[in-house]
1. Using 10 Å bins from zero, what percent of all Cα-Cα pairs in the stretch 90-197 falls into each bin?
2. Which FRET efficiency, nearest 0.05, do Thr11 and Lys72 yield, Cβ-Cβ r, R0 41 Å?
3. Whose amide H sits under 5 Å from the amide H of Phe154, counting only residues 5 or more places off or on another chain, with H placed in the peptide plane?
4. Report the number of Lys pairs in the chain whose alpha-carbons are under 17 Å apart, with separation of 8 or more residues or on distinct chains.
5. Return the long-range amide H neighbours of Ala87 (sequence gap of 5 or more, or a different chain), with a cut-off of under 5 Å between placed amide H atoms.
6. Once you place label points 7 Å from the Cα toward the Cβ at Glu164 and Glu139, how far apart are they in nm?
7. Between Ala196 and Lys131, what's the calculated FRET efficiency when r is the beta-carbon distance and R0 is 45 Å? Round to 0.05.
8. So what does the Cα-only Debye profile of the chain read at q = 0.08, 0.09 Å⁻¹, as log10 I(q)/I(0), no solvent term?
Amino acid sequence: QIQRMDGIMGTIMDKAGKLSIADKLNVLIVSDHGMTEVHPKQIIDLSAYTDLSRVKTTGAGPTVFLSAESTKTLTTVYNDLQQLPNAQVYWKRDIPDRWHYRNHERIPEVLIVAEEGWTLMPMGHGPRMSKGAHGYDNELTSMQAIFVADGPAFKSGYSRKIFENIHIYPLLAHILDLEPYQGIDGDLNVVKDLLAD
């Protein structure tokens, strides 16, 4: 897949280079997240650690949510799952702040996050596994997105540490000389060092 994408990008860049406006083009290559390899033998069967019959499970893979009508039932399941290997179990209130994930009404009461490369399966089985996954802790290098930019708006040969994708929108608005919507978390100042001017 990498060679295929490299070929596609090469074709796009070759064709763009032949345009009369080639010297004015700014090209950004971004991703929304990274990926990591998952192993078919690294499955965590949640039902082997607790009775899930009175709990609603949502998801499979790197994350699973749990909810129940009875707080007592959910507390029992939460306590049972503290012994899970290769995963962290959080009450909604304890989900790390940096994930910006716990304050929405649609987030269920319990979140389970697998360690990199491990797959959570509520009943020991689930959808056919792929060779890769995303959705693990975003501090993992493998989960970080890519950002490559080239063109007159950007410094040439410049490299910097990672930044959150939320800052790309104000960067694009600046390059296009547009007024960005103000009700966002993105901040041009975070990525201004990428700019040539």
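Bear in mind that the values in this text are calculations on the coordinates, not laboratory data. Remember, predicted model here, so these are calculated numbers, not experimental data. Cβ atoms come from the backbone with ideal geometry, glycine included; neighbour counts cover every protein chain shown.
1. 11, 31, 29, 20, 9, 1
2. Details: r = 60 Å, r/R0 = 1.47.
For Thr11 and Lys72, the calculated efficiency is 0.10.
3. The list, which skips near neighbours in sequence, is Ala196.
4. 8
5. Glu115
6. Taking the simple label geometry, Glu164 and Glu139 are separated by 1.5 nm.
7. On the way: r = 39 Å, r/R0 = 0.88.
Computed FRET efficiency for Ala196 and Lys131: 0.70.
8. -0.41, -0.50
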